[in-house]
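Since the structure comes first, as structure tokens, the remarks are kept for the end.
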Amino acid sequence: MDKRITEAVELFQEVLFYGTERVIRSVDNPIWEEFSPEQMQSLKLISKEGQITSARLAILQGVHKSAVSNRIKKLLQKELIQVVQTADKREKLLELTDLGRQMLEESDRILAEYLEKLMSEQVNDQEIDQFLSIFRKLRTIMKTDGV
């Protein structure tokens, strides 16, 4: 296996894990105090999918359905998501409420402002463009792979 790919995976994981921790520690905002990173990730995935089953959410988050069940319960209680009944009575889909969309938009705005400030003196425009190009390509590859 190409050692560069192994290093890229390790770097990506480090940025994801330690970056999340740093943002949570550094950003003084009630949103980040009220909701766990896993709940925020759930909201983001529901937003991206539009409507999603709890089983699919568990797969995307790489956890057991019981872990997702607990997150869903809390997000339903806070009225950030709602259950949509389908023609198949056994299948229930989750989607964001207007309040959930507003909260997620606010969270994304806070995160973007923080990262922009953090990177502004150390990452130039060309590097940002390269990053975007690579991650757009990876997203396309991953989405065509049936995920």
Neighbour-count ranking for Val23, Val68, Val15 (other C-beta within 10 angstrom, fewest to most) reads Val15, Val23, Val68
Proxy exposure order for Ile5, Ile72 (fewest C-beta within 10 Å first) is Ile5, Ile72
Which aspartates and glutamates, on any chain, are close to Lys92 with Cα under 20 Å apart, when same-chain ones fewer than 8 places away are left out? Glu49, Glu79
Which entries in the list Lys78/Lys117; Lys65/Lys137; Lys65/Lys89 go over 24 Å, if you measure between the two C-alpha atoms of each? Lys78/Lys117; Lys65/Lys137
Could you please tell me the mean projected area of the C-alpha convex hull for the range 64-104, averaged over all directions and given in square nanometres to one decimal? 3.3 nm²
Just to check, using Stokes-Einstein with a Kirkwood Rh over alpha carbon pairs, what's the diffusion coefficient of the chain at 10 °C and 1.306 mPa s in µm²/s? 92 µm²/s
Using helices alone, I'd like the mean residue ellipticity at 222 nm for the chain: each DSSP H run of four-plus residues gives -39500 (n - 2.57), total over residue count, nearest 500. -23000 deg cm²/dmol
Relative to the longest principal Cα axis of the chain, at what angle does helix 3-26 sit, 0 to 90 degrees, rounded to 10? 70 degrees
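Values quoted throughout were computed directly from the atomic coordinates according to the rules given, and no laboratory measurement underlies them. The structure displayed is predicted, hence computed values, not measured ones. Glycine also receives a Cβ, built like all others from the backbone with ideal geometry; neighbour counts cover every protein chain displayed.
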